[in-house]
Structure formats: structure tokens, C-alpha cells
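Asker: Quick one: structure below, then a few questions.
The values are calculated or read from the model by the stated rules, or taken from the named source; none is laboratory data. Only a predicted model underlies this, so the values are computations on that prediction, with no experimental measurement involved. Note: ideal-geometry Cβ built from the backbone for every residue, glycine included; neighbour counts use all protein chains shown.
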Amino acid sequence: MATIRKRGNSYQIRVSCGYDTNGNQIIRTKSWKPEPNMTARQTEKELQRQAMLFEEKCLKGLITSNVKFEEFAEQWFEEYAKLNLRSTSYSKMKQLPSRVYPAIGHLRIDKITGRHIQQFINDLALNGKNKKNGKPLSRKTVIHHLNFISDVLNYAVQIGMLTDNPCRNVSIPKGEKKEKQIYTLEEIARIFELLDGDEIPTKYRVFIKLAVYSGFRRGELLGLEWKDINWESNLISVRRTSNYTVERGTYTDTTKTKMSQRTLKFPDYVMGLLRELKAEQEKESKEIGNKWIDTDRLFVKWNGEPMHNNAVYYWFKRFCERNNIRFCDLHSLRHFYASALINEGVDAAAVSGALGHSVISTTTSIYCHAFQQAQARAGDAIASVLDFSSKKSQDTAKDNISP
């Protein structure tokens, strides 16, 4: 029950909200001052209404004067993020507070405004530096920081501690959009040629080539098991991923989305590579005997355990450096696969399905430039057809008027 105290020309409304962990009573207060032209009856009626509304807000948790952003964000990590986010997403999210807390961590969440957040985002976009190399932060990194703040405050709205999320109208300053680094067809041909060298370990040769032929994500490739292969129909199914975090080490997880679980058909050349890898793996397992750990994975360590997620990345980086080839990251092989399909005229829905995207708009957004180029070629093609048709009509007309 709210209590009311008259203080000069105003009133103080007090509400008890229970006790904190130290046994101290939590009191919320609000001051209210009547309008000068209000009668005594009107003042009393409005005062009681204000007291009732304030008490309802307190009981619903909307009055949160003691909760600062840093404290509440840590609660969000424990109460929501740890339970609902994928381990990899959770691990990446835990890296963001190091910049956010110094900026707004000391502010009460009910006092944080869109201006506070906009100033932080602007500073991050214009002055932020990568802690490893000192380079400016990418726009994508700035977006991750805003998403973290927004997710925390959305949770506060969800559980009734706030009525609105101030991130709603915050904008990201426009920055220079980096073009995706994608290998050319000539570069891929050179990489394939070098991968056929005798000194190249089979598992790395197969991994890189399969990445190009499949467009599978790195975690999806590392999560492949021999039972996922239909040797008779040349089919490979993605059913799981292999991921790594410092807290959990290497672990098996579900695919990124439900649509990421997919089955693709491959040429005989790829199936031949897989048979070569399987034969070598069976030979190695016999050589080390009981030290071999049977995980059924395609890509494994010397003893059969799942390969570390960064093993292929670092190997491929050194491979490119040794052979004076531009290094575009492993994910660029997936981009090459998508671009190749688009250039060959494969429609957006089929490309999206092959990549395992949840919605087609994701595919068309990421590969907008490639689709635009394909559409331009389509325009040239129809123009060529119509030009031919027009020329044929002109030739026919000439024949009709010839003596």
C-alpha cells in the first residue's frame, strides 16, 4: 500500500518493494505537485490516482532506480543468454561488454536514453579501434555492439522492467562498405592444381575442394560423419556442426538454422576424393590400434578425435602464403560457390536452399551484386534475341520489295 506525505506544495508517494539480499527494505518514491488551479477535491482525487499508478508500476518492476546497466546485463547473460543462445553466439556476446560497460554500464536502465546509446555508437564507429591490430572497427562490429545493448534492454521490456527500448531509433553511421573477398575462377583452378601435390595431406586437400564444391560452412564440414554420405546416390547430408569455444572446447551442435539441414548431390570426382580420404583414415586407425578414437567424423586429428575448428584455417593460410596466392579466408570458398551458381543462372531459391539460408532475402541481400550482374546478362541476352528477330524481319521486308 502506497503512503503519502505532504511536503510544502507537493506530495511524496512512497511504496515498499520488499527487501534486498541484505535484508534492507527497498523503498521507491515519487514526488507529485498539483496544478495551481486545482481544487482541494480535484487534488485529492488526482493524488490518489497518481499513488495507485505509481504503486502498480513498482509492483510490476517498472520502477528500477537501483539497477544499473552493467548489473542487469550480467543478469541477462545468466537468465537469458546462457539458456537461449548458441554457445558460439554466447561466447562472442561475452566479448562486447568490455566496450559497452565503460560507456553506459554505470547508468540506471530506466535512465538510459536513445541519445546515450547514439553517442556511444557514433564514437565507436568513428573512433573505435580493434584491440588486436589498432585498425578501425568494421560497421558489422559496431552493429554487434548495438544489438547487444538492444537485446539486454528488450529483455527488460519483456519482463516488465521497462516500457520501451531506447535502441529503437538509434542509427548506425554509414561507413565504407567492404567488398567481399572472393577467389576468381583462375585462382581456384591454381589452388586445385597445387592441392594435388604429393606433399599435401589428404584431409586438407579434400576439405578445401569439398568446401568449393559444396558451399558448406566450416562448422558443417567439420561436423560431417561417414554415415551422412549416400555412396550410391552421391548425396551428402548436413545434420550437425562442430564448433569450438574456450569454455567448452570442441563440441557438437545443431545446425545454424533448421534450413541448414540439407542434402546435396555431388559429382563422381568429389565422391572419389571422399573414398580416398576414407581409405586413408581406415589405414591410420589400424596402424595406431586402440589409440584410435572412433567418432565417425570425416575430418579428424591423428587419433580420430574431431579436428579443431581453426586447424584448416591456419593450414590454408600458410598454404596460400607459401604459394604466393591471395588469402581470402575459408568462408570465401562458400562465397565463390554461391557466386558460381548465380553466374550459371541458378535461380535465387535454389541458391538459397543450397546455402542453407532460412529465407531467400538473406541470399539476395548477401549476393546482391552477383544477382545484379546476372540480371544484366539476362537483359543483354534478350536484347540479342530481339536484335536477331528485328534483323530477320528487316531482311524479310527487303526480300518482299525486291524486283
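Asker: Check the range 43-61 and report whether any residue there is among the hydrophobic types (A, V, I, L, M, F, W, C), surrounded by 17 or more Cβ atoms within 10 Å (Cβ to Cβ) and at pLDDT below 80.
Answerer: There is at least one residue in the range 43-61 that is among the hydrophobic types (A, V, I, L, M, F, W, C), surrounded by 17 or more Cβ atoms within 10 Å (Cβ to Cβ) and at pLDDT below 80.
Asker: Moving to a separate point now. Residue by residue through the range 131-162, note down the ones that are in a loop (DSSP other than H, G, I, E, B) and over 18 Å from M93 (Cβ atoms).
Answerer: K132, N133, G134, K135, I159, G160, M161, L162
Asker: Is it the case that N234 is surrounded by 15 or more Cβ atoms within 10 Å (Cβ to Cβ), assigned by TED's automatic domain parsing to the domain that holds Y204, of a type in the set (S, T, N, Q) and without any contact (Cβ under 8 Å) to a residue 60 or more places away in the chain?
Answerer: In short, yes.
Asker: Does the range 203-227 hold any residues that are touching an Asp or Glu at 6+ places or on another chain (Cβ under 9 Å) and either among the small types (G, A, S) or not in a strand (DSSP E or B) (or both), and which are they?
Answerer: K203, R205, V206, S214, G219, G223, W226, K227
To keep it simple, each residue is scored yes or no on (1) of a type in the set (S, T, Y); (2) over 19 Å from the mean Cα position of the chain (by Cα).
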position: K209; (1), (2): no, yes
position: L221; (1), (2): no, no
position: I229; (1), (2): no, yes
position: R240; (1), (2): no, no
position: T257; (1), (2): yes, no
position: P267; (1), (2): no, yes
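Asker: Identify, please: which residue in the range 120-130 is part of a helix (DSSP H, G or I), in contact (Cβ under 8 Å) with a residue 12 or more places away in the chain and not β-branched (V, I, T) and is, among those, nearest to L162 (Cα to Cα)?
Answerer: Among residues in the range 120-130 that are part of a helix (DSSP H, G or I), in contact (Cβ under 8 Å) with a residue 12 or more places away in the chain and not β-branched (V, I, T), the one nearest to L162 (Cα to Cα) is F120.
Asker: Regarding the range 136-146, can at least one residue be identified that is under 14 Å from the mean Cα position of the chain (by Cα) and touching a residue at least 40 places away in the same chain (Cβ under 8 Å)?
Answerer: So far as the range 136-146 goes, yes, one or more of its residues are under 14 Å from the mean Cα position of the chain (by Cα) and touching a residue at least 40 places away in the same chain (Cβ under 8 Å).
Asker: Then there's this: Looking only at the range 100-111, filter to residues that are surrounded by fewer than 18 Cβ atoms within 10 Å (Cβ to Cβ) and touching a residue at least 40 places away in the same chain (Cβ under 8 Å); which one of those is nearest to Y155 (Cα to Cα)?
Answerer: My answer is D110.
Asker: I've got another one for you. Taking D329 as meeting all but one of (1) surrounded by 13 or more Cβ atoms within 10 Å (Cβ to Cβ); (2) in contact with a Phe, Trp or Tyr (Cβ under 9 Å, 6 or more places away or on another chain); (3) on the phi < 0 side of the Ramachandran plot, write down the number of the exception.
Answerer: (3)
Asker: Condition (residue is assigned to a loop (DSSP other than H, G, I, E, B), farther than 19 Å from D228 by Cβ and in contact (Cβ under 8 Å) with a residue 24 or more places away in the chain) applied to the range 297-312: is it met by at least one residue?
Answerer: yes
Asker: If I go through the range 238-250 residue by residue, how many of them are surrounded by 15 or more Cβ atoms within 10 Å (Cβ to Cβ) and touching a residue at least 24 places away in the same chain (Cβ under 8 Å)?
Answerer: Of all residues in the range 238-250, those surrounded by 15 or more Cβ atoms within 10 Å (Cβ to Cβ) come to 238-245, 250.
Pick out the ones that are also touching a residue at least 24 places away in the same chain (Cβ under 8 Å) and you get 238, 241-245, 250.
Here the count works out to 7.
Asker: Testing L96 on (1) loosely packed, with under 14 Cβ neighbours inside 10 Å; (2) modelled with pLDDT of 90 or more, one condition comes back false. Which one is that?
Answerer: With (1) loosely packed, with under 14 Cβ neighbours inside 10 Å; (2) modelled with pLDDT of 90 or more applied to L96, the lone miss is (1).
Asker: Here are K174, K203: which of them is outside the structural domain of T255 (by TED's automatic domain parsing) and among the basic types (K, R)?
Answerer: Every option except K174 fails the conditions.
Here is a yes/no grid of residues against (1) at pLDDT 90 or above; (2) under 28 Å from H369 (Cβ atoms):
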site	(1), (2)
V157	no, no
C167	yes, no
S171	yes, yes
K174	no, yes
K177	no, yes
Y183	yes, yes
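Asker: Within the range 88-96, is even one residue among the basic types (K, R) and either free of Cβ contacts under 8 Å to residues at least 40 places away in the same chain or within 30 Å of I27 (Cα to Cα) (or both)?
Answerer: yes
Asker: Right, next: Of the residues in the range 265-279, how many are loosely packed, with under 12 Cβ neighbours inside 10 Å and hydrophobic (A, V, I, L, M, F, W, C)?
Answerer: 1
Asker: Now for a different question. Within the group R377, R322, which residue is at pLDDT 70 or above and over 23 Å from the mean Cα position of the chain (by Cα)?
Answerer: Values: R377 fails: at pLDDT 70 or above.
Testing whether each residue is at pLDDT 70 or above and over 23 Å from the mean Cα position of the chain (by Cα) leaves just R322.
Asker: For residues in the range 280-296 being more than 17 Å from P201 (Cβ to Cβ) and without any contact (Cβ under 8 Å) to a residue 40 or more places away in the chain, which is surrounded by the fewest Cβ atoms within 10 Å (Cβ to Cβ)?
Answerer: N290
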